[in-house]
Amino acid sequence: MDVLNSMSLGAFFSMLGAALAAGFGGAGSGQGVGIAGAAAAGVISEDPKKFGQTLLLQALPGTQGIYGLLIAFLILNKIGLFSGADLAAIPTGHGLMYFGASLAGAAALYHSGVGQGRAAAGSMGVLARRPEEFGKCMLYPAMVETYAVLALLVTVLMVMNVR
Amino acid sequence: MAIVKMKRLRAIMPSYIEKKVIKDLTRLGCVEIETPAYANLNEEESKLVKPASVTLDAARSRTVMVTGLDALNRYAPEKKSFLTPRRQVTEKALFDEETIRKANEVSEQISGIVKQFNETKTLIGRISAQKETLQPWRALDIPFEFAGGKYFSVIIGACPSEVDVKGLASAIDEQEIVAAVEEINADKEQKYILLVSHVDATEEALAVLKAAGFSQTVLKDLTGTAAENLVKFDNELNAAEQHLSELKEKIASLAQYREIIEQTSDALAIESLRETAMSSMLHTEKTIYFEGWVPEETEKFVIGVLEENGCAYEFCEMAEDEEPPVAIKNSKFVQPFGAITELYGLPKYSSLIDTNTPLAFSFILFFGIMLSDVGCGLVLSIMTFLILKKKKPDGGFKNFVTVMFYGGISAMIWGVLFGSWFGNAPTAIAAIFGKEFAMKPLWFDPLVKPMFMLVFTCGIGVVHIFIGMGLSAWRSIKQGNWKDAIFDTGFWYMIIIGAIGLATGLKIFMYIALLGALGVLLTAGRSKKNIFSRIVSGLGALYGSTSYLSDILSYGRLMALGMCTGVIASVMNLMGNLTGKTGVVAAIIFFIVFIIGQTFNLAISLLGAFIHSLRLEFVEYFGKFYESGGRKFKPLYNQTTYTQFIKEEN
């Protein structure tokens, strides 16, 4: 049981929080970008000239993964993982707070990522039939992202104020 | 600055000057020609007729040009950088008859070659298919035309691959049929079989085989053995391929005419625009009547052209229910941002508000805060500047690039204020050389003071939304509904200002907010007679305060996306030097990761900053006042794709 004894619960929960945020953000974006990509391929099979526009639309659900990365980076930076601080010295309470804070991000990032992917896939249909309305169909996926942004803000505010 | 005031033009001219007048108006570029509505015509005028057959020659010959250009681009692609500007031509040069004739000739020639090309391709397909069917019979050394002799017959055919040919042969033997079966070839699906039999036994032998799923193969028109035929086909294929590459070369040899074809394609495009305009005019035997829209400020130029050609015309005030096309006139700085308004849809002519100026400033602000990095901003503005200077684009693309240029400048300013230089690149680079250094933010670091940043961004949101509500109130006052301005905007101003002011702890703000809320409660349902339904409407309107709250919080995205750019950049810098070593090798590795990582960051952040700036404008801001649904003013003008028009030199 040496491993368990030498482990700091504070470090464990901090990293669990970081992993949750990055993991669920990445999972949501992965699924969302996948959904959008499948629709993009359909558009391209009809008109390869729209490649650039479909790529932009496909990239839209990709931000959740980045928000997850942002949260993870902020947590890891705060516990001093990169600057070589003593991880064992992280109080368990801090670790639990990081863990709690990341829950908001993880849940919202995953589901908004998937939802945004669906909205982007729908917009691909608009792009295929009415390419002149491209500006408008970029907006529908952007509406979904609001909730990822709100959750990100909550998580960031909580993480930055753990002391 | 404003939505341009439009006037309706009605004009009559003799038919023989039609082309000249249209040409002059196209050069002027400020008249939109419209099919006259029969309802607006008086009894005499309604005897005018639309031309029965519309000639669209230019559009037709343009498709030949397009085919020619497509072929040229495929087989002799032009080596041209993205930044090469378009060629400049004068109108006279563009419509030079000799050039057009030559371009037509060459395009026809290319079209002919393309046709031959396609035929050859079909031929190749057919031969390949035949080759495919012969492949299994390669080992059969009997010529196909040989079907047997007086006493025996030769039959070839195929059966499913699971059939046991040896078993079939012994079955035939057992039944004492005078026939022999041999397997020539086999593949995944089928076995290929040769049957030689006595003429009297053929039917019996076939019956045995057919029971096992055999079907006879008849190769018509083929003489000689399979191997001989395959050689013949190969030769034919080679010849055809040879022919194809000759045709390709032939097309490529015509590449020198690309310029005149491109130019003529432009000329014909303009010509076809004119044809379309002419097709919407009404005719009598010798005169032509047309209507159109002219911006008030260019009226005098149009009059000049009409007078010079001797047309009869009048400019009339428009009827009340008419919706003229919309054009917006702005200062040179604001004008490119009109492209953003157009993305959403132009404002209605009667909506009075041109919002391009506040939109331009807020868009630049939002874009800058969300990108907020000196490095990203610098790269963006240098790239866009190069495109503007070298390529000399025009139209929508120019507007977009110009908007991005201003956005890049703004991102640099905010990067300095927030202390983000490709994230923490200065610190990371200094660390590689064993030094400690940090770029101090000029104002504050959002990562250090996130709460302050959130308040700051939401503060921007309040101002932005207030401008939107203010515009709505301004329109109400202009239309004479000062009550709407006070009730629908003024009271909400009070509620929001009061609610924000509560943070200061002063009682006065609470009274302001309560007064505003009372005002909304009493006046929101003012269109209703019944006192109870009025109050219910008022309560409903008050519930709308949640939407103001979410609108303002939505500006928090300025903070989130702004932090993203800086943090991703820093993560890239961290990855560039994970080991924390110093020295030249570390510097080289860092440099490579830096270039790749920052390019990725720029692409991602640029997309985010653009889309979310758009969203804040379209949803939070436009939602307060904007009435879209305007039809874009599309004047007849010299619209070109490959060339750029310049004034005739005198």
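Assorted remarks:
- Qualifying residues in the range A:127-139 (those that are crowded, with 17+ Cβ neighbours inside 10 Å and more than 10 Å from chain B (Cβ to nearest Cβ)) - the one farthest from the chain's Cα centre (by Cα): A:Ala128
- Residues that are in contact (Cβ under 8 Å) with a residue 24 or more places away in the chain, of a type outside the set (Val, Ile, Thr) and either farther than 19 Å from B:His612 by Cβ or crowded, with 20+ Cβ neighbours inside 10 Å (or both), drawn from the range A:148-162: A:Ala148, A:Ala151, A:Leu152, A:Met158, A:Met160
- Filter pass, A:Glu145 being surrounded by fewer than 20 Cβ atoms within 10 Å (Cβ to Cβ), outside any loop (DSSP other than H, G, I, E, B), within 13 Å of chain B (Cβ to nearest Cβ) and acidic (Asp, Glu): no
- Only listed residue being closer than 20 Å to B:Leu222 by Cα, part of a loop (DSSP other than H, G, I, E, B) and aliphatic (A, V, I, L, M), chosen from B:Ile155, B:Ile177, B:Ile142, B:Ile127: B:Ile142
- Put simply, of B:Glu18, B:Glu43 the only residue that is closer than 20 Å to B:Glu285 by Cβ, assigned to a loop (DSSP other than H, G, I, E, B) and either at pLDDT 90 or above or not basic (Lys, Arg) (or both) is B:Glu43.
- Residues (in contact (Cβ under 8 Å) with a residue 60 or more places away in the chain and either of a type in the set (Gly, Ala, Ser) or touching a Phe, Trp or Tyr at 6+ places or on another chain (Cβ under 8 Å) (or both)) located in the range B:436-461: B:Pro446, B:Met453, B:Thr457, B:Cys458, B:Ile460, B:Gly461
- Residue match in the range B:85-108 (condition: out of contact with any helix residue (DSSP H, G or I) (no Cβ under 9 Å at 6 or more places or on another chain) and under 30 Å from B:Asp221 (Cα atoms)): no
- Residue in the range B:458-475 that is more than 26 Å from B:Phe594 (Cβ to Cβ), assigned by TED's automatic domain parsing to the domain that holds B:Ile340 and crowded, with 18+ Cβ neighbours inside 10 Å present: no
- Answer residue from the range B:594-606, given it is modelled with pLDDT of 90 or more and buried (at least 17 other Cβ atoms within 10 Å of the Cβ) and is farthest from B:Thr355 (Cα to Cα) among those: B:Phe594
- Residue ID - farthest from A:Gln31 (Cα to Cα), chosen from residues in the range A:51-69 that are of a type in the set (Val, Ile, Thr) and in contact with a Gly (Cβ under 8 Å, 6 or more places away or on another chain): A:Ile66
- Among the residues of the range B:419-439, those identified as over 18 Å from B:Leu371 (Cα atoms) and assigned to a loop (DSSP other than H, G, I, E, B) are B:Phe433, B:Gly434, B:Lys435, B:Glu436, B:Phe437, B:Ala438.
- Subset of the range B:344-355 (residues that are more than 10 Å from chain A (Cβ to nearest Cβ) and in a loop (DSSP other than H, G, I, E, B)): B:Leu346, B:Lys348, B:Leu352, B:Ile353, B:Asp354, B:Thr355
- Restricting the range B:1-15 to residues that are under 20 Å from B:Lys632 (Cα atoms) and outside any strand (DSSP E or B), the residue that is farthest from the chain's Cα centre (by Cα) is B:Lys5.
- Count of residues meeting criterion [surrounded by fewer than 22 Cβ atoms within 10 Å (Cβ to Cβ) and under 16 Å from B:Gly468 (Cβ atoms)] in the range B:363-374: 1
- The one condition in (1) touching a helix residue (DSSP H, G or I) at 6+ places or on another chain (Cβ under 8 Å); (2) at pLDDT 85 or above that A:Asn77 fails to fulfil: (1)
- For the range B:439-494, residues that are under 26 Å from B:Leu514 (Cβ atoms) and not small (Gly, Ala, Ser) total 22.
- Checked against (1) in contact (Cβ under 8 Å) with a residue 60 or more places away in the chain; (2) hydrophobic (A, V, I, L, M, F, W, C); (3) buried (at least 16 other Cβ atoms within 10 Å of the Cβ), B:Phe433 passes all but a single condition, namely (3).
- In this entry, A:Leu96 is excluded by the filter for residues that are more than 10 Å from chain B (Cβ to nearest Cβ), touching a Leu at 6+ places or on another chain (Cβ under 8 Å) and in contact (Cβ under 8 Å) with a residue 12 or more places away in the chain.
- Residue in the range B:439-447 that is within 13 Å of B:Gly562 (Cα to Cα), in contact with a helix residue (DSSP H, G or I) (Cβ under 8 Å, 6 or more places away or on another chain) and of a type in the set (Asp, Glu) present: yes
- Filtering the range B:621-639 for residues that are within 13 Å of chain A (Cβ to nearest Cβ), on the phi < 0 side of the Ramachandran plot, among the small types (Gly, Ala, Ser) and in contact with a strand residue (DSSP E or B) (Cβ under 7 Å, 6 or more places away or on another chain) leaves a non-empty set.
For every residue, the table says whether it meets (1) assigned to a helix (DSSP H, G or I); (2) away from every other protein chain (no Cβ under 14 Å); (3) without any contact (Cβ under 8 Å) to a residue 40 or more places away in the chain; (4) farther than 19 Å from B:Phe600 by Cβ.
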{"site": "A:Ile44", "(1), (2), (3), (4)": "yes, yes, yes, yes"}
{"site": "A:Pro61", "(1), (2), (3), (4)": "yes, no, no, no"}
{"site": "A:Leu76", "(1), (2), (3), (4)": "yes, no, no, yes"}
{"site": "A:Phe82", "(1), (2), (3), (4)": "no, no, yes, yes"}
{"site": "A:Ala88", "(1), (2), (3), (4)": "yes, yes, no, yes"}
{"site": "A:Tyr110", "(1), (2), (3), (4)": "yes, yes, no, yes"}
{"site": "A:Gly115", "(1), (2), (3), (4)": "yes, yes, no, yes"}
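- Test: residue in the range B:332-343 that is β-branched (Val, Ile, Thr), away from chain A (no Cβ under 14 Å) and either within 26 Å of the chain's Cα centre (by Cα) or in a strand (DSSP E or B) (or both): yes
- Residue match in the range B:520-535 (condition: small (Gly, Ala, Ser), at pLDDT 90 or above and either surrounded by fewer than 16 Cβ atoms within 10 Å (Cβ to Cβ) or not in a loop (DSSP other than H, G, I, E, B) (or both)): no
- Sole exception among (1) over 19 Å from B:Tyr637 (Cα atoms); (2) part of a helix (DSSP H, G or I) for B:Val302, by number: (1)
- Residue in the range A:148-158 that is small (Gly, Ala, Ser), more than 16 Å from the chain's Cα centre (by Cα) and within 11 Å of chain B (Cβ to nearest Cβ) present: no
- Residue that is modelled with the lowest pLDDT, among those in the range B:542-561 that are more than 7 Å from every other protein chain (Cβ to nearest Cβ) and in a loop (DSSP other than H, G, I, E, B): B:Gly544
- Test: residue in the range B:562-578 that is within 14 Å of chain A (Cβ to nearest Cβ) and either farther than 30 Å from B:Pro446 by Cβ or surrounded by fewer than 17 Cβ atoms within 10 Å (Cβ to Cβ) (or both): yes
The values are calculated or read from the model by the stated rules, or taken from the named source; none is laboratory data. In this text the structure is predicted, and so the values were computed from the model without any measurement. No Cβ is skipped: glycine too gets one built from the backbone with ideal geometry, and neighbour counts run over all protein chains shown.
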